[in-house]
Amino acid sequence: MDSLHELLLAEYDKVLQQIDVLKKRIKAAPKGTLHVVKYKGKSWFKRYDSERKKTTYLPKSNISVIKGLAQKMHDVACLKFAKQRLKAINRFLKTDSESSYLEIYENLPDEFKNFTAPLAKSMEYKINEWVSKGYAKMRPVENGFKTLKGDTVRSKSEKLISDLLYMLGVPYRYEMRLDMGDGTIVYPDFTIYDVRNNRLVYYEHFGMMDDLHYVNNAIRKHNEYLKHGLGNDLIITFESSQKPLDLEAVEAQVKKYALAKSATN
């Protein structure tokens with residue numbers, strides 16, 4: 001999450017769940033309230049039943065009731081605090097919304113927008129900014145294949161993948177430099193902007209699995225991703241002369257990163 005508003009929405013849901021748990025525990029607890037009487041350096045427990053307006057002493061042997069009432073007192077205090085917290089969060093959410101910042105920008109005259117940087121950027125703004133911004137690439141592609149997006153890629157399979165990403169509305173960059181932070185540099189075939197989770201995902205297509213030298217390089221490259229903790233941010237597909245690219249499998253993997261309005265059903 002990248003905003004106070006989103007964090008508070010999550011906290012609001014969390015407090016609601018806590019209130020539900022506390023109410024159930026209080027309902028299941030023993031009746032009455034627990035009190036402590038101190039006399040000559042010793043502590044004694046007693047229970048007050050408000051319905052019967054009666055006080056009874058609890059011997060320490062009745063530990064289950066003592067524990068239940070002590071927990072109940074704790075839970076009642078926590079419930080009061082949780083309700084206050086919920087009201088405070090609710091008041092803030094009613095008066096402050098990141099969408100209000102977006103609305104201010106959207107309501108500006110178009111002529112003003114050309115000279116204005118919005119305080120809160122919509123996801124569409126972020127995506128357009130990321131896609132249109134220049135980036136360090138691998139060596140230029142000669143005699144490649146033109147994609148629907150306008151890139152030139154190195155193989156027919158990369159063109160098919162690129163065109164599928166484009167048609168699904170998946171924001172991506174081709175062969176963008178990735179610095180691992182320790183001097184290791186790689187150029188993923190595709191770097192995808194995961195719009196749902198606001199992160200980057202890396203897509204490698206290994207398309208010459210009949211070539212032993214190529215396979216060894218593919219394994220080395222894959223190991224670099226794993227070594228640098230990017231295993232969960234990686235998509236890999238394979239291809240050989242006997243097993244060509246499976247576009248349905250590719251679509252199943254990349255569809256989760258598509259813009260909702262662009263993804264096919």
**OP:** Residue by residue through the range 206-226, note down the ones that are without any contact (Cβ under 8 Å) to a residue 24 or more places away in the chain and not hydroxyl-bearing (Ser, Thr, Tyr).
**Re:** 211, 212, 213, 215, 216, 217, 218, 219, 220, 222, 223, 226
Original post:
Within the range 186-205, how many residues turn out to be aliphatic (A, V, I, L, M) and in contact (Cβ under 8 Å) with a residue 40 or more places away in the chain?
Top reply: 3
**OP:** Report the residue count in the range 250-262 for those that are outside any loop (DSSP other than H, G, I, E, B), touching a residue at least 12 places away in the same chain (Cβ under 8 Å) and out of contact with any Asp or Glu (no Cβ under 7 Å at 6 or more places or on another chain).
**Re:** 6
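Yes or no, residue by residue, for (1) without any contact (Cβ under 8 Å) to a residue 24 or more places away in the chain; (2) under 28 Å from the mean Cα position of the chain (by Cα):
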| site | (1), (2) |
| --- | --- |
| 38 | yes, no |
| 49 | yes, no |
| 53 | yes, no |
| 69 | no, no |
| 76 | no, no |
| 79 | no, no |
| 85 | no, yes |
Subject >> In the range 14-35, the residues that are open to solvent by less than 80 Å² (accessible area, probe 1.4 Å) and either of a type in the set (D, E, K, R) or not in a helix (DSSP H, G or I) (or both) >> reply: 20, 29, 30, 32, 33, 34, 35
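The values are calculated or read from the model by the stated rules, or taken from the named source; none is laboratory data. Keep in mind that what you see is a predicted model, and the values were worked out from it rather than measured. Cβ atoms come from the backbone with ideal geometry, glycine included; neighbour counts cover every protein chain shown. For accessibility, only protein heavy atoms count, side chains too; no ligands or nucleic acids. Shrake-Rupley method; radii C 1.70, N 1.55, O 1.52, S 1.80 Å.
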